[in-house]
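In what follows, a single structure is set out as structure tokens and then discussed.
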Amino acid sequence: MIERPLKVGIIGPGGIARSAHAPYYINDKRTELAAVTSRTLEKAEAFAKDFNVPAAYDDTQTMLENEDIDLVSICTPNKFHKDAVIQSLKAGCHVLCEKPPAMSLAEAEEMEFAAEEAGKVLMYAFHHRYNLETQVLKRAIEAGDLGSIYHANVQAMRRRGIPGWGVFTNKELQGGGPLIDVGVHMLDLALYLTGFPEPIEVMGSTHKRIGHKPGVGLLGQWDPAKYEVEDLATGMVRFQNGMSMLIESSFAANQKEEETLNVKLLGDQGGAETAPLQLFEEKHGSLLNTTPAYLEKTDPRSSYERQITHFIDCCRGEAKPLSTPAQGTTVQRIVEGLYESAAKCQSVSLL
């Protein structure tokens, strides 16, 4: 067992690193922030000052060569995930990479192979797996409460949630819009809950009807002139085990709710949805809806903190990763297939 604190490197000191990574490494006595790197040294130095990080760099490889880093969090735009992951693995580091895995299936496969070759932990930051509701529902599914799950509805919908910061509307840096940004969270959650069945065919459509025009922004004001991605993506996935899945994901849509993040599951013994967590069953001659009581009071930590804690556990050899590189590759395969289907206006085989 490792006794000394593990040294952490942050690659990409943006908002997600500041809010969902660095604070929890600092609060865990088993880790210490050792270095940070950014494409801009000024940003790295600002982050280092704010979080009391000893070293700041403007080049990832230089940081990895100069510092004795045990693990890294990669929080860069999607375009830079692959190179940062592979560099870190080759340097002997464990890696927690923000979602999505990469820009393409080929990149995700290369990252999966690199993790296998290095013998290091590679996890993707699908933090909804660490919700308490997810843990309860996963146990219910494994206990057979839903029976055989044959359909899933996946929703990651925002009314006017185009980010007014960062590079989220830049297709070259992100690879797409809501599907590859927020949609992957609920897609991964649905796949995790249903045991990651093998996808065999997808059919997708994308729309850019709102983002290219000025409008009211609930997440800051976006620039319509620089809006390069879809604002709505929809699709259907068929799986080898017979399960079907419908997906809806938007940055901007004319719906009632400001945001909907939900997975609905239909099984032959029961059903469920994740937000809020409910189970639907037929028992004792009645239709029953079951909800948990006082769930959040049992553990006040956020899903982000639980994710970092679990990652550290895995790096110390005290737990097995909840998220595997192969699962990230499957998520990437579906996302790429949906975008390809939308571009070709036809269904796409994933076999």
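The values are calculated or read from the model by the stated rules, or taken from the named source; none is laboratory data. Keep in mind the model is a prediction, meaning the values are calculated, not measured. A quick note on method: Cβ atoms are made from the backbone with ideal geometry, for glycine too, and the neighbour counts reach across all protein chains shown. Note: accessible area is taken over every heavy atom of the protein model, side chains too, but ligands, DNA and RNA are not part of it. Shrake-Rupley method; radii C 1.70, N 1.55, O 1.52, S 1.80 Å.
As a length-normalised measure over Cα pairs under 8 Å and 6 or more apart, the relative contact order of the chain settles at 20 percent. Given contacts defined as C-alpha pairs under 8 Å and at least six residues apart, what's the relative contact order of the range 38-144, whole-number percent? Value for the range 38-144: 19 percent. For the range 57-134 versus the range 136-171, the spacing of their alpha-carbon centroids is 23 Å.
Evaluating 6.51 cos²θ - 1.76 cosθ + 1.60 at θ = phi - 60° for every residue in the range 95-108, the Karplus couplings come out as 9, 10, 10, 4, 6, x, x, 7, 8, 8, 5, 4, 5, 4 Hz, glycine and proline recorded as x. The distance separating the Cα centre of the range 237-282 from that of the range 186-210 comes to 11 Å. If a/c stays under 1.5 just call it rounded; otherwise compare a/b with b/c (prolate if a/b is bigger, oblate if not). Do that for the range 234-351, with a ≥ b ≥ c from the square roots of the Cα gyration tensor eigenvalues. Cα axes put the range 234-351 in the oblate bin. Taking the longest Cα principal axis of the chain as reference, the axis of helix 303-315 is set at about 60 degrees. Seen against the Cα atoms of the chain and their longest principal axis, helix 184-193 is set at about 70 degrees.
Once the chain from Y150 to K320 is taken as fully extended at 0.36 nm per residue, the excess over their C-alpha distance is 58.4 nm. Both radii are taken from the alpha-carbon atoms of the chain; with Rh as the Kirkwood radius, Rg/Rh is 0.97. Contact order for the range 2-69, expressed relative to its length and based on alpha carbon pairs under 8 Å spaced 6+ residues apart, stands at 33 percent. Amide H contacts for E201 (H built 1.01 Å from N in the peptide plane; partners 5 or more residues away or on another chain; cut-off under 5 Å): R238, L350. If you run the Gaussian network model on the chain, springs between alpha carbon atoms under 10 Å, then out of A156, A22, A143 the most flexible one is A143. Ligands, DNA and RNA aside, K283 has an accessible area near 90 Å² when probed at 1.4 Å.
Of the solvent-accessible surface of the range 229-351, computed with a 1.4 Å probe and all protein chains present, 51% belongs to carbon and sulfur. In terms of overall dimensions, the range 120-203 has a Cα radius of gyration and Dmax of 15.4, 44 angstrom. Simple spin-label estimate for K138 and R30 gives 1.6 nm between the two label positions (7 Å along the Cα-to-Cβ direction from each Cα). Scalar couplings 3J(HN,Hα) for the range 258-269, obtained by applying the Karplus form with A = 6.51, B = -1.76, C = 1.60 to θ = phi - 60°, are 5, 8, 10, 10, 7, 10, 10, 10, 10, x, 7, 10 Hz; x denotes Gly and Pro. When the helices of the chain are scored as -39500 (n - 2.57) per DSSP H run of n ≥ 4 and the total is divided over every residue, the value at 222 nm lands at -9500 deg cm²/dmol. Where a ≥ b ≥ c are the square roots of the eigenvalues of the C-alpha gyration tensor, would you call the range 27-149 rounded, which needs a/c under 1.5, or, failing that, prolate if a/b is larger than b/c, or oblate? The shape class here is prolate. Summarising the amide proton neighbourhood of A125: residues at separation of 5 or more, or on other chains, whose placed amide H is nearer than 5 Å comprise C97, E98, K99. In order along the range 131-140, the Karplus-derived 3J(HN,Hα) couplings, from 6.51 cos²θ - 1.76 cosθ + 1.60 at θ = phi - 60°, round to 4, 4, 4, 4, 5, 5, 5, 4, 5, 5 Hz, and Gly and Pro are given as x. Is the range 64-218 best put as rounded, prolate or oblate by its Cα gyration tensor, with a ≥ b ≥ c the root eigenvalues, rounded for a/c under 1.5, and otherwise prolate when a/b is larger than b/c, oblate when not? Note, shape of the range 64-218 comes out oblate.
Split the chain at each of the chymotrypsin sites (Phe, Trp or Tyr not before Pro) in a DSSP loop with at most 16 other beta carbon atoms within 10 Å, and the longest piece is 1-164. Full extension of the chain segment joining T291 with E340 gains 13.8 nm, where the gain is 0.36 nm per residue of separation less the Cα-Cα distance.
Counted residue by residue at 0.36 nm each, then reduced by the alpha carbon distance between them, the extension gain from V167 to T40 reaches 44.2 nm.
Here the range 272-311 is treated as an ellipsoid with the same Cα gyration tensor; its semi-axes, largest first and in whole Å, are 30, 11, 7. Annotation: amide H-H contacts under 5 Å for D58 (H modelled 1.01 Å from N, sequence separation of 5 or more, or interchain): S38. Students often get this wrong: which residues of the range 119-145 have the backbone nitrogen under 18 Å from the point 7 angstrom along Cα-to-C-beta of K283? The answer is 136-145, whose backbone nitrogens lie closer than 18 Å to the label point.
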